[in-house]
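One structure below.
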Amino acid sequence: MRIWCAFLIAVFLGAPCAAAEPEAHLVEIVAAGEAGPVTLLEARSQALLRDYPIRLEWSVRTDFRPRDVFAAGERPALARIWLDLRQETQAVLYVVDDAHDRFLVRVVPLDAGYDEVACESVGTIVQSSVEALLAGATVGVTRQAAEEQVSELEGGAPPVQPEPARPPPAPAPEPEPRRPHYRLSLDLSYRGQVLEDGPEILHGPEVGASLTRPTAPVSPTGFVALGYRLPLSWDEQGVGVEMEGFGLRAGPGLGWRLGRGVRLSLLGVLGLDVLEADPVSTDPLAEAKDPFWLLAPMLGAAAEIELRLFGPLSLWASAGAEVDLSGHHFDVLADGEPVTVLRAWAVQPVVRLGVRLWP
């Protein structure tokens, strides 16, 4: 088993911790209003969009007309967002999707001014719009429909007449579909599995990886882990077995963002334990069998909670249970008949605790 220990140490030291950064897209945000609300919305937007492959440019104006949003931008941008924060009773948000000539107009009522709830509501609209555009979707309505909405906001002013029809431009080449913003992490953990009363615990260190979308409210997720199982001596009535080896675990799941920096995941678990079993006996009249390899396919489920600490570091813990599908047990021969002396529980509790490094 020394070879496996050396292999795991090499994996711990040599695992890559970073991936190539995706291409950054320009997102322009223009805000008008008093310094307090503008500062709060800027901080909230920066926090919500920090994990996306974008370059955020924030600017402040003392005033702007709603119809300014229909003017062409000076530079190509994924989105141009206008925030009208000049009123105490409502905030108005305009999202311009230049690539598809679409416009999103949202009015957010303010029950208590620009408090935490209001800033979260406006920030969530900004985040979901950017996420949709990054995924290749469109947001909002046509220019004419948006102009009618703006006219209503301005108090019934007549809508701007659409420009004369122009011949359609030559079709642009299809852009490559943008990949979902999944991120791969490095997981370092310690695992314990209770086999039977005593307690008899099979435990050891693990190294693995997790794949998920940390910024999404709900997202598919998955994991894989390879671990070393430290030697375990398990005996009853003078006979027993010593086990040592390694285990592989993987499984899909679904994750929920419970709050800022907190995430809950429910995971299915498929695995295989490969253990060297060495029967032992303290009875001079009993003869132990030669060592042999034991293969144990496992099936289970787990719940995981993750807490983002600082920078790329998270702390996580999971609890669950697994079933040994092979139903292994250890027998002795008494008067030529096998008698079971060691049998693991049908359902075995499992606990894992670790740290997670995000690139």
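The values are calculated or read from the model by the stated rules, or taken from the named source; none is laboratory data. A quick note: this is a predicted structure, and the numbers were derived from the prediction, not measured. Because the Cβ atoms are built from the backbone with ideal geometry, glycine has one as well, and the counts that use them run over all protein chains shown.
Odds and ends about this structure:
- Flag for Asp115 being crowded, with 19+ Cβ neighbours inside 10 Å, of a type in the set (D, E, K, R) and under 23 Å from Ala43 (Cβ atoms): no
- Glu306 being under 30 Å from His328 (Cβ atoms) and either outside the structural domain of Gly327 (by TED's automatic domain parsing) or free of Cβ contacts under 8 Å to residues at least 60 places away in the same chain (or both): no
- Filter pass, Ala296 being in the same structural domain as Gln348 (by TED's automatic domain parsing), of a type in the set (Gly, Ala, Ser), farther than 30 Å from Thr215 by Cα and free of Cβ contacts under 8 Å to residues at least 40 places away in the same chain: yes
- Gly227 vs. criteria within 16 Å of Val194 (Cα to Cα) and buried (at least 17 other Cβ atoms within 10 Å of the Cβ): yes
- A search for C-beta distances below 6 Å between a residue of segment 213-236 that is in the same structural domain as Trp256 (by TED's automatic domain parsing) and outside any strand (DSSP E or B) and any residue that is among the aromatic types (Phe, Trp, Tyr) and modelled with pLDDT under 90, counting only pairs 6+ apart in sequence or on different chains, returns Arg213/Tyr182.
- The one condition in (1) in a helix (DSSP H, G or I); (2) at pLDDT 85 or above; (3) farther than 22 Å from Ser128 by Cβ that Val60 fails to fulfil: (1)
Residues checked against (1) within 30 Å of Arg308 (Cβ to Cβ); (2) small (Gly, Ala, Ser):
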| position | (1), (2) |
| --- | --- |
| Leu49 | yes, no |
| Leu56 | yes, no |
| Val69 | no, no |
| Ala79 | yes, yes |
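- Residue in segment 86-96 that is in contact with a strand residue (DSSP E or B) (Cβ under 8 Å, 6 or more places away or on another chain), farther than 18 Å from Pro37 by Cα and in a strand (DSSP E or B) present: yes
- Residue within segment 185-199 that is modelled with pLDDT under 75, over 23 Å from the mean Cα position of the chain (by Cα) and outside any helix (DSSP H, G or I) present: no
- Residues of segment 237-261 satisfying the condition of being in contact with a Lys or Arg (Cβ under 7 Å, 6 or more places away or on another chain) and among the acidic types (Asp, Glu): Glu244
- Meets criteria (in a strand (DSSP E or B) and without any contact (Cβ under 8 Å) to a residue 24 or more places away in the chain) for Leu258: yes
- When Thr124, Thr89 are screened for being surrounded by fewer than 20 Cβ atoms within 10 Å (Cβ to Cβ), among the hydroxyl-bearing types (Ser, Thr, Tyr) and touching a Leu at 6+ places or on another chain (Cβ under 6 Å), only Thr89 passes.
- When every residue of segment 66-75 is checked against the conditions, none turns out to be modelled with pLDDT of 85 or more and assigned to a loop (DSSP other than H, G, I, E, B).
- Every condition in (1) over 18 Å from Ala317 (Cα atoms); (2) touching a residue at least 60 places away in the same chain (Cβ under 8 Å); (3) out of contact with any Asp or Glu (no Cβ under 9 Å at 6 or more places or on another chain) is met by Ser185 except one, and the failing one is (1).
- Flag for Ile9 being modelled with pLDDT under 80, surrounded by 13 or more Cβ atoms within 10 Å (Cβ to Cβ) and not assigned by TED's automatic domain parsing to the domain that holds Leu232: yes
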